[in-house]
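Okay, so here's the structure we're looking at.
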Ligand code: PMP
Ligand code: GLN
């Protein structure tokens with residue numbers, strides 16, 4: 001042992017109670033590792049197994065060749081913020097000022113963490129809807145906030161239950177975190193939902209965080225209802241999105257936060273000390289690529305075809321499919337196949353069928369068993385077909 005190393009116990013004592021006692025390695029990492037170990041088809045972690053557009057890659061290469069290799073401005077490359085401002089105004093009729101209201105982040109994950117750390121003070125309550133994306137609660141806990149869990153209504157297709165949200169609001173409520181299209185349930189917002197939300201927040205001082213990373217993956221000709229489409233909601237909301245989902249570049253880790261300038265100023269205070277700025281050539285690449293709207297307009301059709309292919313195949317098994325209105329995830333009930341709890345069933349699926357999925361119970365704080373697992377269909381058709389072939393055994 002090197003003379004300066006402390007014995008393990010002493011180091012554990014020095015570290016003391018964890019800042020995040022309830023957190024282990026994310027389920028996405030765990031299931032991807034298990035899938036690799038057992039040679040399973042990985043329909044667990046949400047990422048495409050196909051490549052992004054070669055034109056986008058060329059923009060990245062061109063940006064590096066043009067010498068865009070030093071720090072970007074803290075808030076993001078101006079051309080990218082400008083392109084985002086135009087895109088959002090065209091799509092959602094709300095103009096975000098590129099200088100004061102748009103911040104480019106290292107993926108949506110960092111935008112979420114920076115926003116929560118900036119806005120939530122120790123002891124503040126933050127309402128999240130369960131099942132909840134896995135980074136939200138750790139972000140709240142690091143800020144010293146208290147997560148308040150309100151379930152989506154599983155019996156009504158995971159619809160938000162606004163009366164329960166209203167009932168959860170107290171004088172300590174600081175923030176309500178929303179995510180539609182919703183991971184993992186695929187639920188989208190209706191017009192009624194926006195009206196209900198406007199009504200709920202009108203008489204309160206609460207802020208909103210709206211994670212809209214699946215904004216371009218909404219099916220059956222439904223619109224994406226961004227919170228930015230409501231002036232009343234936009235005035236108190238941080239809207240977050242990510243190029244990773246929209247352009248098949250989850251590994252580039254570039255996303256952004258849109259918010260009124262007073263909120264943006266606070267978010268940037270944290271952002272500048274988390275990462276300072278985000279990789280420069282990638283930002284130039286997206287600025288150039290956004291000039292053509294076809295790739296993001298076409299995304300819903302691209303994924304709807306995959307959703308339908310996968311659903312058709314799974315309908316021939318004993319899995320019972322749940323509705324999927326958006327995102328690249330679909331839930332399926334396996335109660336006709338097994339009585340096992342979700343985490344155990346997911347392990348068994350890897351070993352017995354050679355297909356990896358995510359147990360939905362991991363998106364709940366309280367032990368919750370609905371016998372439902374999540375499949376990711378952002379995969380090549382041949383990957384989906386191979387998974388379906390294996391699942392015929394189920
Ligand atoms: N929010 C949700 C709901 C997500 O599903 C994901 C990633 N799958 C993220 C945030 C994180 O996005 P990013 O990879 O851009 O950090
Ligand atoms: N958001 C992706 C999912 O839900 C995974 C992202 C990650 O691995 N952190 O599967």
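Evaluating residue 213 against the criteria (1) in a helix (DSSP H, G or I); (2) within 16 Å of ligand 1 (Cβ to nearest atom); (3) in contact with a helix residue (DSSP H, G or I) (Cβ under 6 Å, 6 or more places away or on another chain) leaves one unmet condition, (1). Looking only at region 63-77, residues that are assigned to a helix (DSSP H, G or I) and either within 23 Å of the chain's Cα centre (by Cα) or without any contact (Cβ under 8 Å) to a residue 12 or more places away in the chain (or both) come to 1 in all. Evaluated against (1) under 22 Å from the mean Cα position of the chain (by Cα); (2) within 17 Å of residue 41 (Cα to Cα); (3) surrounded by 23 or more Cβ atoms within 10 Å (Cβ to Cβ), residue 380 falls short on exactly one condition, (3). A search for C-beta distances below 9 Å between a residue of region 295-308 that is in contact (Cβ under 8 Å) with a residue 24 or more places away in the chain and any residue that is in a helix (DSSP H, G or I) and surrounded by fewer than 18 Cβ atoms within 10 Å (Cβ to Cβ), counting only pairs 6+ apart in sequence or on different chains, returns 295/55; 296/87; 306/381.
Residues are listed down the side, and each one gets a yes or a no for (1) buried (at least 16 other Cβ atoms within 10 Å of the Cβ); (2) closer than 18 Å to residue 43 by Cα; (3) more than 20 Å from the chain's Cα centre (by Cα):
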position: 300; (1), (2), (3): yes, no, no
position: 303; (1), (2), (3): yes, yes, no
position: 312; (1), (2), (3): no, yes, yes
position: 323; (1), (2), (3): no, yes, no
position: 328; (1), (2), (3): yes, yes, no
position: 332; (1), (2), (3): yes, yes, no
position: 335; (1), (2), (3): no, no, yes
position: 339; (1), (2), (3): no, no, yes
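On the given criteria, is residue 54 modelled with pLDDT of 90 or more, surrounded by 17 or more Cβ atoms within 10 Å (Cβ to Cβ) and under 25 Å from residue 282 (Cβ atoms)? Criteria not met by residue 54.
In a residue-by-residue description of region 130-141, the property of being in contact (Cβ under 8 Å) with a residue 40 or more places away in the chain, more than 14 Å from ligand 1 (Cβ to nearest atom), in contact with a helix residue (DSSP H, G or I) (Cβ under 7 Å, 6 or more places away or on another chain) and farther than 23 Å from residue 254 by Cα applies to no position. Filtering region 78-109 to residues that are within 16 Å of ligand 2 (Cβ to nearest atom) and in a helix (DSSP H, G or I) leaves 107, 108, 109. Just give me the residues in region 107-126 being away from ligand 1 (no atom under 16 Å from the Cβ) and touching a residue at least 60 places away in the same chain (Cβ under 8 Å), in sequence order. Of everything in region 107-126, those that are away from ligand 1 (no atom under 16 Å from the Cβ) and touching a residue at least 60 places away in the same chain (Cβ under 8 Å) turn out to be 118, 119. Among the criteria (1) closer than 26 Å to residue 135 by Cα; (2) buried (at least 17 other Cβ atoms within 10 Å of the Cβ); (3) within 16 Å of ligand 1 (Cβ to nearest atom), the one residue 34 does not fulfil is (3).
Within region 220-238, if we keep just the residues that are in contact (Cβ under 8 Å) with a residue 60 or more places away in the chain and within 16 Å of ligand 1 (Cβ to nearest atom), the residue that is nearest to residue 107 (Cα to Cα) turns out to be 238. Determine whether residue 132 is over 22 Å from residue 276 (Cβ atoms) and either within 19 Å of the chain's Cα centre (by Cα) or part of a loop (DSSP other than H, G, I, E, B) (or both). Criteria met by residue 132. When residues in region 117-129 are screened for being away from ligand 2 (no atom under 16 Å from the Cβ) and in contact with a helix residue (DSSP H, G or I) (Cβ under 9 Å, 6 or more places away or on another chain), 8 of them pass. Quickly run through region 350-387 and pick out the residues that are touching a strand residue (DSSP E or B) at 6+ places or on another chain (Cβ under 9 Å), assigned to a helix (DSSP H, G or I) and within 17 Å of residue 329 (Cα to Cα). Scanning region 350-387 gives 360, 361, 363, 383, 384, 387. Residues of region 322-343 that are touching a residue at least 60 places away in the same chain (Cβ under 8 Å) and not in a loop (DSSP other than H, G, I, E, B): 326, 329, 330, 331. Within region 94-106, restricting attention to residues that are within 19 Å of residue 214 (Cα to Cα) and crowded, with 23+ Cβ neighbours inside 10 Å, which residue is farthest from ligand 1 (Cβ to nearest atom)? It comes out as 102. Counting only residues that are part of a helix (DSSP H, G or I), more than 16 Å from ligand 2 (Cβ to nearest atom) and surrounded by fewer than 24 Cβ atoms within 10 Å (Cβ to Cβ), region 236-266 holds 5 of them.
The values are calculated or read from the model by the stated rules, or taken from the named source; none is laboratory data. Given the structure is predicted, the values throughout are model-derived calculations rather than measurements. Cβ: placed from backbone, ideal geometry, glycine included. Neighbour counts: every protein chain shown.
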